[in-house]
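Before any comments, here is the structure.
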Amino acid sequence: MGLLIKNGEIITASERYTADIYCEGETITRIEKDITPPPDATVIDATGKYVFPGFIDPHTHIYLPFMGTFAKDTYTTASQAALVGGTTTFIDFCIPMRGDEPLAAWDTWNAHSEGKSACDYTYHMAVTRYDAGVESQLREIVRNGVSSFKVFLAYKGAFGVDDEELYHTLKLAKSLGVITTAHCENEVIVAELQKELVAQGKIGPEWHYYSRPPRVEAEGTHHLTTFAEIHNAHVYIVHLSCDEALQVAAQAKYRGVNVWVETLIQYLLLDKTYAELPEFEGAKYVMSPPLRDKRNQSILWDAIRHQLVSTVATDHAPFDFNGQKPMGKSDFTKIPNGIPALEDRVNLLYTYGVKTGKIDLHRFVDSASTQAAKIFGLYPRKGTIQLGADADLVVYDPHYTRTLSKSTQLMNVDYSAFEGWKIEGRPHVVTVRGEIAARDGKFVGTVGRGRFLKRDPNHF
Ligand code: URP
Ligand code: ZN
Ligand code: ZN
């Protein structure tokens, strides 16, 4: 039984036209005008709607032991939330603690994901220690279908690597044809500033920003791109938040370093005043790097438009306001870092990016889907609408309006960072490999149907 999407306006990163899309099994097999519905086909009328490729969030934390607790979502809750919001694939991070073995972490993450997700997913493999044993396990994990690493230049003593480890990770990544994603903040400066602030009694969430100022992120960015340049390695800066770091990344690009940049929907829309909200409310908005001065937002939007920033992700890391964020009630350095957004990224980017004219529909699709697929070896299976691609499609209603609220979200967390924000547009129908998985804000798919996506290295 096939699926026919009729009369939609198809939007990809480079094309815009009206046609019908026919999907047989899991794949797009026809894109033509006026396809007669075959008997038994399910027909979706997309008249007056856009049809986008399924969106990809290249940076999420679904299973995450972190700062003495665990991120709240499971692969089941997160995938359902992702799907109603139009995200059909997410990339999680498999992160061993520094003393743990990569293959043990690999088994742990698989135990949490296998048979639990309703949408497709894959992992970036974090390198949190480097020695001969780790190296051979990383080689095995790459053979298992992972073509991206992750390093943290932050979180001293937990996930952070030192310079020698960074050097060898990038050298290995280059030799294997793997891209390395990186959290860029100088962990030593952060640790020292944290100590000084707390010693001065500056313990509220509003002080988090001052322990990780923009120059600390710029230094981390410079550090990563310097090491990448030495090895001619491919690197991807996650969650870039500010002008200072962007300038460093741009200079590296100018020198010919193979570097890509991701920003987050949170940095585009929220600023540091949210983390200054009274009554510990600011803790909802503590993440790293911190929310920045508002002036950075127009710089980031411009950078998306000019393709200096390739992707818009979420860094979805859900920790409850009641029960988890208060772990740092009397010391901001202990507030679990993260701002959830997986469910709302696409609608917020559409509403505040496309509808306001900051980016056009093509950059919207490109930054929220196509670039992630290209950079991380999923293209053209994912990230576009073409014959032979997976039938991951979002039939999008550009006229729908609603107000975001924790009371209606599917993300398993007790607050919405965008409580009361208006969205204009949402997915009408979302398909995953030819099966309808969400309809008008409701999950109607199959838990467990989501697949781990094996990715080959050397796809650049
Ligand atoms: O604050 C953040 N970003 N939390 C999640 C972990 C990370 O650094 O990506
Ligand atoms: Zn990070
Ligand atoms: Zn992250």
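Counting only helical runs of four or more DSSP H residues, what would the 222 nm mean residue ellipticity of the chain come to if each run contributes -39,500 (n - 2.57) and the total is spread over all its residues? Mind showing how you got there, number by number?
Working: 13 runs with 127 residues, N = 460.
That comes out to -8000 deg cm²/dmol.
From the cross-link list K294/K422; K325/K358; K33/K355; K171/K253, which pairs have alpha carbons spaced over 30 Å apart?
K325/K358
Show me the GluC sites (Glu not before Pro) within region 398-455 that DSSP assigns to loop and that have at most 15 other Cβ atoms within 10 Å of their Cβ.
E419
Grab the other residues whose beta carbon is less than 11 angstrom from that of E281, score K and R as +1, D and E as -1, and report the net.
-2
Write out the trypsin sites (Lys or Arg not before Pro) in region 388-434 meeting two conditions: DSSP loop, and at most 16 other Cβ atoms within 10 Å of their Cβ.
Those satisfying the criteria are K406.
When you count, for each residue, the other Cβ atoms within 10 Å and take the mean per peptide, how do 369-378, 153-162 rank with the highest first?
369-378, 153-162
By counting other Cβ atoms within 10 Å of each Cβ, how are F93, F280 ranked from fewest to most? Can you show the working numbers first?
Working: F93 25, F280 16.
The order, fewest Cβ neighbours first, is F280, F93.
Express in nm, to one decimal, how much length is gained between D293 and E164 on full extension, taking 0.36 nm for each residue of separation and deducting their alpha carbon distance.
Roughly 43.1 nm would be gained on extension.
At a Cα cut-off below 13 Å, give the aspartates and glutamates reachable from K406, other chains included and same-chain residues fewer than 8 away excluded.
D320, E343, D344, D414, E419
Give the residue list of trypsin sites (Lys or Arg not before Pro) in region 1-58 that are DSSP loop and have at most 10 other beta-carbon atoms within 10 angstrom.
Values: sites: K6, R16, R30, K33, K49; in loops: K33, K49.
Of the trypsin sites (Lys or Arg not before Pro), the ones in loops of region 1-58 whose Cβ has at most 10 other Cβ atoms within 10 Å are K33.
How would you rank C23, C184, going from fewest to most other Cβ atoms within 10 Å of each one's own Cβ?
Ordered by Cβ neighbours within 10 Å, fewest first: C23, C184.
Within 10 Å of each residue's Cβ, count the other Cβ atoms and sort R143, R215, R426, R439 from fewest upward.
Taking fewest neighbouring Cβ atoms as first place, the list is R143, R215, R439, R426.
For region 314-460, just list the percent of Cα-Cα distances falling in each 10 Å bin from zero outward, please.
It works out to 10, 31, 36, 19, 4, 0, in whole percents.
Gap in Å between the Cα centre of region 289-367 and the Cα centre of region 141-178?
25
Need the C-alpha centroid separation for region 69-120 versus region 414-447, integer Å.
Taking the Cα centre of region 414-447 as reference, the centre of region 69-120 is 19 Å away.
Counting DSSP beta bridges in the chain, what percent are antiparallel, to the nearest 5?
Roughly 50 percent of the DSSP beta bridges within the chain come out antiparallel.
Shape verdict for region 54-375, please, from the Cα gyration tensor: rounded (a/c under 1.5), prolate (a/b greater than b/c) or oblate.
Note, shape of region 54-375 comes out rounded.
Tell me the Kirkwood hydrodynamic radius of region 25-73 in angstroms, computed as one over the mean inverse distance between distinct C-alpha pairs.
Averaging 1/r across every pair of different Cα atoms and inverting gives 15.7 Å.
None of the figures in this text is laboratory data; all of them are computed from the coordinates on show. This one's a predicted model, so the numbers in the text were calculated from it and none came from an experiment. Ideal geometry is used to build each Cβ from the backbone, glycine not excepted, and the neighbour counts take in all protein chains shown.
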